[in-house]
Amino acid sequence: MGPGDLQDVLSGLARHEHTDLLVGLGRSDDAAVYRISDEVAIVSTVDFFPPIVDDPYLYGAIAAANSMSDVYAMGGQGLFALNVAGFPREMPKEVIAAIFKGGADKVLEAGGVIAGGHTVVDAEPKYGLAVTGRVHPGRILTKGGLRPGQRLFLSKALGTGVIATASKDDACDPAVLDGAVQSMLRLNRAAADVAREAAVRGATDITGFGLLGHAAEMVEASRAGIVLRFESLPILPGALALAERGAFSGGMKRNRAHLEHTLGARGRLSLGPSIGAAHAGLLFESETSGGLLFGVEPEDTRLVYDGFARRGEVCWEIGEVTPEVGIAVR
């Protein structure tokens, strides 16, 4: 569901308050957080989607990584997960088994376990997880944790959306698709660990609403601004060429229309004149199992670089947080 439609659906929903519900509908974020004690809070989230690749095992693993990402975006650690799935009645059992195995193996890699689940008959395959994790109540990451002067980091390159869309039309080089698959399979576990080490307070993961859509959520929640350096944004190999051929999903168009109607109408969304249609589309395009976007105090940026390097992973410093609410890409 697009961001605008989702807002409309949720606008009339009652927001029940509770002393121990630290993050819920009243403060929309990547996952719900419920305090159990002064030292432990439970993180809960659910996510599922149709196949993004043909290989059933990889589909299951990618869907699981994507589902667990919201726990990492809150600064948490996954404990266990429940399968959430719908499959056509005629789908071969060995294909369904491969999807479940891909999900289970990815949860195991994350240090968690599949504890059960629920399936229904559906015309189109869908798979994902309801994930339960834990976090210290005083170290929760939220979309509203950005502060002016912070540096912005992104832990994965952009482009999974256009690559997956092109792949569905058999218009994507296998090597380009493999690069996107490897990115989608990579857990945000290391990024969350580094964020904790650097005392990060503001974070989100980049998924269905795209980089600018999720950045806009942080801007609104933090009452701050974001300036992104376009030349610093990482893009997966082959993604720009596909974008130039127009391989965008319907999600990109919905994301862009929503942001132009909200931030853009108030003069709070600005794309530099050198940013062409293809580049702009990549900023609005939906991502699957994308990276963490988080803000770091200037004196702590070395902790981020060193933390990713120790774990054999990369990250990119892509901009900074400013006092005036809005997003600018220069």
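The values are calculated or read from the model by the stated rules, or taken from the named source; none is laboratory data. Just so we're clear, the structure is a prediction, and the values are computed from it rather than from any experiment. Here the Cβ positions follow ideal geometry from the backbone for every residue, glycine too, while neighbour counts run over all protein chains shown. Just the protein is used for accessible areas: all its heavy atoms, side chains included, with ligands, DNA and RNA removed. Shrake-Rupley method; radii C 1.70, N 1.55, O 1.52, S 1.80 Å.
Put the Cα centre of the range 214-250 next to the Cα centre of the range 72-93 and the gap is 27 Å. Stretched out straight at 0.36 nm per residue, the stretch from residue 265 to residue 134 would grow longer than its current Cα-Cα span by 43.3 nm. Projecting the Cα positions of 258, 288, 312 onto the charge dipole of the range 222-323 (unit charges on Cβ atoms of Lys, Arg, Asp and Glu, taken about the Cα centre) puts 258 furthest along the positive direction. As a ratio to 2.2 N^0.38 Å, the alpha-carbon radius of gyration computed for the range 50-147 takes the value 1.18. The stretch between residue 173 and residue 97, if pulled fully straight at 0.36 nm per residue, gains 24.6 nm over its current Cα-Cα span. Would you please state which residues of the range 270-313 a label at residue 108 would reach in this model, taking the label point 7 Å out along Cα→Cβ and a backbone N cut-off of under 14 Å? Residues passing the 14 Å test: none. Give the calculated FRET efficiency between residue 231 and residue 186 to the nearest 0.05, with a Förster radius of 25 Å applied to their Cβ-Cβ distance. Step by step, r from the Cβ atoms, then E = 0.60. Rolling a 1.4 angstrom probe over the protein heavy atoms with all chains in place gives the chain an accessible area of 44 Å² per residue. A straight chain from residue 199 to residue 89 at 0.36 nm per residue would run longer than the Cα-Cα distance by 34.8 nm. Using a 1.4 angstrom probe on heavy atoms only, work out the carbon and sulfur share of the accessible area of the chain in %. The computed percentage sits at 54.
Output the pairs from 106/253; 126/253; 101/168; 156/253; 106/156; 93/156 with a Cα-Cα distance over 28 Å in this structure; if there are none, say none. Correct reply: 106/253; 93/156. Of the trypsin sites (Lys or Arg not before Pro) found in the range 40-148, those in coil by DSSP whose Cβ has at most 14 other Cβ atoms within 10 Å are 89.
The heavy atoms of residue 196 offer some 70 square angstrom of accessible surface to a 1.4 angstrom probe.
Beta bridges per DSSP, both residues in the chain: antiparallel share near 70 percent. Membrane-span-like helices of the chain, defined as complete DSSP H segments with a Cα extent of 20 Å or more along the helix axis and a mean Kyte hydropathy of at least -1.0, are identified as 56-73, 93-109. Using the rule -39500 (n - 2.57) for each DSSP H run of four or more residues, divided by the residues of the chain, the 222 nm mean residue ellipticity is -11000 deg cm²/dmol. Only Cα pairs under 8 Å and 6+ residues apart enter the sum, and on that basis the relative contact order of the range 185-330 stands at 50 percent.
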